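Peer 1: Please read through the structure below; I'll follow up with questions.
The values are calculated or read from the model by the stated rules, or taken from the named source; none is laboratory data. Keep in mind that this is a model prediction, so the values were computed, not measured. All Cβ positions, even for glycine, are placed from backbone atoms using ideal geometry, and neighbour counts span all protein chains on display.
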Amino acid sequence: MCKEDTEQRLYHSDKLLNLGSDRWLFNPEIALSHPFGPKQKWEFDTYANAYFFTNNSSYHGVEILRQEALHGLEGHISYSFTSSLWASLGTRYPSAAIPSSTR
């Protein structure tokens, strides 16, 4: 998956607050799913993913915004009541990458 981060065209380097961040985000993900239990109504899902960010070379006009990759693991357990009604509990463990800026 490749997507532009929140309306890049609305980014203005001379403004302190912006709707966009003028950078790209790449989000590869791999998932595994395993149904189990009577009639296969229970399902366990697990995901490994990462978010990779490009640099913003015009952050606040003169700075460069950089951010390390965010890696994460997710897990979900679901129960299907019918073919169109289900409930799920999930959790996510993210790594901690903090954006930094330099001139």
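Peer 1: If VAL62 meets every condition in (1) touching a strand residue (DSSP E or B) at 6+ places or on another chain (Cβ under 8 Å); (2) farther than 24 Å from ARG92 by Cβ apart from one, which number is that one?
Peer 2: Among (1) touching a strand residue (DSSP E or B) at 6+ places or on another chain (Cβ under 8 Å); (2) farther than 24 Å from ARG92 by Cβ, the lone unmet condition for VAL62 is (1).
Peer 1: Ok, one more. Of everything in the range 26-60, what is over 14 Å from HIS71 (Cβ atoms) and aliphatic (A, V, I, L, M)? Give them in sequence order.
Peer 2: If the condition is that a residue be over 14 Å from HIS71 (Cβ atoms) and aliphatic (A, V, I, L, M), then ALA31, LEU32 are the ones that fit.
Peer 1: Let me ask something else about it. Pick out the one residue from SER13, SER58 that is out of contact with any Pro (no Cβ under 8 Å at 6 or more places or on another chain), in a strand (DSSP E or B) and modelled with pLDDT under 95.
Peer 2: Sole residue among the options that is out of contact with any Pro (no Cβ under 8 Å at 6 or more places or on another chain), in a strand (DSSP E or B) and modelled with pLDDT under 95: SER58.
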